[in-house]
Structures are given as C-alpha cells and as structure tokens.
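What follows is a single structure, written as structure tokens, with notes after it.
Every number here is computed from the coordinates shown, using simple stated rules; none is lab data. For clarity, every value in this text was computed on a predicted model and none was experimentally measured. Cβ coordinates were reconstructed from backbone atoms using ideal geometry, including for glycine residues, and neighbour counts include every protein chain displayed.
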Amino acid sequence: MVTERLKEKPGYGQTVLALVGGFSAQVVYQVLKWIADIFLAAVQGSDRDVIAARTEAAKAKAESRATEEMEQQKAKLRAPLDEAHEAAMNAGATDVVEKLKKAKKELS
C-alpha cells in the first residue's frame, strides 16, 4: 500500500524507498555482526579471559625460569662446599665440618 502511493509520485517515492532500504541494510548488517560477535566470544572467550590466560602463562614461565636459575646457583655453591667439607674432615677440624654440614643442609 505504502509502496503503491510512493510510486504514484515520481522521483519522491524512489528516493524514500532508497533511504529506507539503506537504513534497513545497515540494521541487517548490525544484527548479523552482533550475532557473529556472540559466536566468536563463545568460542574464543572474552578479551579479559584471553589476557588473564596469557598473564598466568607468563607468570608460570617466569617462576619456572627463576626456579631453574636458583637450582643452578645452588649447584655452583655445593661443589666448593663439598670440597671444603672433605678438606676439613681430612684435617680433623670437627667444628668446621659441622658448620659446613649445616651450610649444605640449608642449600638443599
């Protein structure tokens, strides 16, 4: 009905139909985009979730590196302590031996 009336007035009807058609195309586009965004969020998770997961992974990696470096430093310290312990035992220095045992225990 409305389209029939608009067609009766030349030039005016086509302009209005084009204008309304343009708006409806934009609405359809926005609805489809909204639906696609919902599906993406369901599959990927929200940006906040992705950032939180990456942050946790980075923390775990940093902790792993720190633990590894600490173990390497302990290993470097153990060798001289073992040598000093053995030398003190051979020399009969019991008080030094006890102190070295205590230091080695603290490193473990």
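Can you sort Lys59, Lys99 by how many other beta carbons sit within 10 Å, fewest first?
Final ranking by Cβ density, sparse to dense: Lys59, Lys99.
At a Förster radius of 25 Å, what calculated FRET efficiency corresponds to the Cβ-Cβ distance of Glu106 and Ala62, to the nearest 0.05? Don't skip to the answer; put the middle values down first.
Values: r = 25 Å, r/R0 = 0.99.
That pair, Glu106 with Ala62, gives E of 0.50.
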